[in-house]
1. Tell me which residues, restricted to the stretch B:181-219, are within 14 Å of another protein chain (Cβ to nearest Cβ) and over 28 Å from residue A:76 (Cβ atoms).
2. Going through the stretch A:1-14 one residue at a time, which ones are within 20 Å of residue A:52 (Cβ to Cβ) and either open to solvent by 70 Å² or more (accessible area, probe 1.4 Å) or among the polar types (S, T, N, Q) (or both)?
3. Any chance you could count how many residues in the stretch A:249-287 are surrounded by 11 or more Cβ atoms within 10 Å (Cβ to Cβ), of a type in the set (A, V, I, L, M, F, W, C) and more than 25 Å from residue A:213 (Cβ to Cβ)?
4. Tell me which residues, restricted to the stretch B:336-360, are over 26 Å from residue B:280 (Cβ atoms) and assigned to a loop (DSSP other than H, G, I, E, B).
5. Somewhere in the stretch B:196-209, is a residue touching a Phe, Trp or Tyr at 6+ places or on another chain (Cβ under 6 Å), part of a loop (DSSP other than H, G, I, E, B), free of Cβ contacts under 8 Å to residues at least 12 places away in the same chain and among the aliphatic types (A, V, I, L, M)?
6. I need the full set of residues from the stretch A:164-207 which are outside any helix (DSSP H, G or I), of a type in the set (A, V, I, L, M, F, W, C) and touching a helix residue (DSSP H, G or I) at 6+ places or on another chain (Cβ under 6 Å), in order please.
7. Do we have any residue at all in the stretch B:361-376 that's part of a strand (DSSP E or B) and in contact (Cβ under 8 Å) with a residue 60 or more places away in the chain?
8. With the structure loaded, tell me whether residue A:24 is in contact with a Cys (Cβ under 7 Å, 6 or more places away or on another chain) and either in contact (Cβ under 8 Å) with a residue 60 or more places away in the chain or open to solvent by less than 50 Å² (accessible area, probe 1.4 Å) (or both) or whether it fails that test.
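The values are calculated or read from the model by the stated rules, or taken from the named source; none is laboratory data. Keep in mind that what you see is a predicted model, and the values were worked out from it rather than measured. Counting neighbours? That spans all protein chains shown, and the Cβs are built from the backbone with ideal geometry, glycine included. To get the accessible areas, we keep the full protein, side chains included, count just its heavy atoms, and leave off ligands, DNA and RNA. Shrake-Rupley method; radii C 1.70, N 1.55, O 1.52, S 1.80 Å.
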Amino acid sequence: MGKLTIPQEELMNSGHIGCLGCGGTLAMRYLLKALGKRTMITIPACCIAIMSGIYPRNFLKVPLLDVAFETTAASASGIRAALDAKGIDDVYVVGFGGDGGTADIGIQALSGTAERGDNIIYVMYDNEAYMNTGIQRSGATPFGAWTTTTPVGTTGDFKKRPKKNMVEIMVAHDIPYAATASVAYPEDFVKKVMKAKDMDGTKFFHVFSPCPTGWRYSPEMTIQIGVLAFQTTVFPMYEVENGVYRVTKKPAKRKPVADYLKLQGRFKHLDDETIKIIQKNVDRNWEMLLAKAEFTKKFAE
Amino acid sequence: MPMDVMTGNSAQAYGAKLARAEVVAAYPITPQTTVVEKLADLVASGEMKAQFIKVESEHSAMAACIAASATGARAYTATAAHGLALMHEMLIWAAGSRLPIVMGNINRAMAPPWSVWADYQDSIAERDTGWMQFYCQSSQEVLDTVIQAYKVAENHDVLIPAMVMEDAFYLSHTFEPVDVPPQKDVDDFLPPYDPPVKLDVDNPVGLCALVPPDHYMEFRFKIAKAMEDSRKVIQEVDEEWEKKFGRSHGGLVERYRMEDADAAIIAAGTMSSTARVAIDNMRDKGKKVGLARLRVFRPFPYEEIRQIAKEVDSIGVLDRSYTFGHGGAFYTETAGALYQAPERPHVKNYVIGIGGRDIPPKDIEGILEKVLTKEDGGEVEWFGLRTSGSREVN
């Protein structure tokens with residue numbers, strides 16, 4: 001791929017009502033830069049649905065359909081079918097949901113869309129909890145995290161199960177393209193969208209979108225948190241094209257996960273033993289990812 | 001005129017085809033399955049030009065129809081019972097979005113206990129979702145009503161979705177002669193869907209955003225008004241249909257032998273056909289009875305019901321469902337409409353045919369006898385219970 005220029009055109013107006021330092025809004029902004037204005041987008045109940053503006057305001061310069069929480073993918077399929085019926089074939093159709101709306105309540109509809117191979121782009125902007133309703137745990141909340149429904153308390157009741165791996169779930173649907181991305185690395189994200197947008201079938205992006213409000217850090221640190229998630233490989237950058245894994249960006253030297261955890265209030269209750277468990281899991285996941293990339297290389301077309 | 005012979009479910013599918021539905025999204029459920037199969041055949045053979053999304057649930061079926069309709073396509077789906085209940089959230093969404101989706105619903109009893117037979121609890125439970133509800137009595141009416149329903153729903157004074165009901169098995173799987181009108185005539189009757197607003201990259205809009213209390217109430221009032229205005233449109237569309245195709249289905253309420261009647265029953269669906277036989281038998285014996293068939297339940301035809309109240313002394317309302325708490329919905333709505341009427345005849349509710357239980361002519365004759373005598377003893381009677389005949393509940 002040649003030198004990348006991120007398009008200058010803004011398809012998201014300023015003046016949204018998101019929190020200071022919101023990662024999710026950056027995900028939307030970069031996505032639309034990569035896709036251009038011949039794009040239709042559907043959004044379920046989530047932070048973006050609110051911050052896009054209360055009636056009659058709207059922060060997008062592309063057609064937007066707000067839909068019910070669990071219907072993002074089915075709605076995108078419906079838009080695509082209508083465009084197909086009308087013979088319109090030069091419009092990108094996007095489902096843009098949060099982690100709860102995607103990995104939990106919306107997973108059935110998403111699985112249906114991916115299994116049918118409907119020609120849409122699905123973006124999960126992941127802030128690792130139900131942030132719009134006030135920081136309740138989701139299937140994408142990481143092991144160890146405090147949320148308002150895993151409140152730690154006096155019994156150590158933090159999230160005890162790992163984050164649901166949505167990219168793996170989507171890869172299992174035999175879709176042409178699934179990838180992670182981060183708002184801390186817009187070039188990587190935009191490049192991936194541009195690479196995949198014209199592929200036929202369902203394309204899936206898991207976009208790491210730090211949330212100062214829910215993760216309990218100061219708003220100016222959103223990008224720093226994203227960088228650390230990458231450098232510690234808590235959230236690695238990779239893509240899976242037709243089942244072939246490729247790590248798109250490797251840290252020069254992996255940093256300890258404690259560097260990432262200690263900046264966030266949601267992990268402040270963790271003792272050294274628990275942090276060791278998290279480090280072990282992150283190490284294992286990273287090695288497995290590298291092994292998958294190595295193993296699947298020979299299947300590249 | 002050459003006639004085809006087809007089931008109510010085939011009539012649904014041919015109705016959607018003749019209406020040139022552009023997007024179909026559906027999920028199979030007994031007894032709707034043959035609608036989906038017929039549509040799949042029609043699309044696969046190229047006879048029907050539509051995108052058919054074979055979704056993973058009824059919830060997604062309605063979600064996809066909503067999105068397709070919002071993008072300007074004519075959308076169709078069909079379901080029954082639990083499928084309809086699963087759609088509940090999206091039914092409200094469709095009406096709130098003011099999208100003229102048409103859906104077949106094959107009226108089936110709700111579980112538990114499991115039942116696949118005719119019963120109206122499924123659609124009655126969706127009464128308040130903002131959908132028009134048509135209850136059909138024949139395959140011909142099913143086919144005609146699917147097409148009519150699009151014309152009504154797409155009228156810019158209406159723009160709310162419509163359900164076209166058939167009784168499970170009594171209609172869904174029973175073969176009847178049906179006149180299938182030529183495509184050209186249907187095209188003349190039903191022009192392409194022309195939405196006042198839609199998703200369009202050349203004219204981007206945001207639809208269905210959060211609306212605070214200073215606007216929400218007006219959005220709801222507009223749906224209420226659209227539902228009110230639909231009465232006139234339903235009547236006009238049925239009249240236009242009659243002019244063009246030579247048959248009417250009665251607008252909102254179809255009357256049978258109501259001239260000089262002393263007593264009437266109000267009923268819907270296939271039991272209306274049985275009721276006509278019962279009424280003929282009673283008339284042969286000199287008993288002045290008639291039928292008012294509720295073709296449309298939403299909007300509720302209160303004016304037509306008040307007119308009937310002027311003409312008869314006694315009304316029996318037959319409900320194939322029960323709204324646990326007080327009477328069947330056809331009854332409570334009839335009684336509600338009559339409270340404001342200058343003349344209020346004797347009215348009683350008969351709950352009958354629940355879960356597909358057969359309703360033979362003699363049962364309706366028995367009810368008509370009771371209605372004629374203005375039988376007292378409670379407002380609501382469950383008619384034909386196995387244990388000890390009929391029972392009053394209040």
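1. Listed by number, the residues that qualify are B:213, B:214, B:217, B:218.
2. A:9, A:13, A:14
3. The total comes to 2.
4. B:340, B:341, B:342, B:343, B:344
5. yes
6. Selection gives A:175, A:178, A:179, A:181, A:183, A:184, A:204, A:207.
7. Scanning the stretch B:361-376, I find no residue that is part of a strand (DSSP E or B) and in contact (Cβ under 8 Å) with a residue 60 or more places away in the chain, so the answer is no.
8. yes
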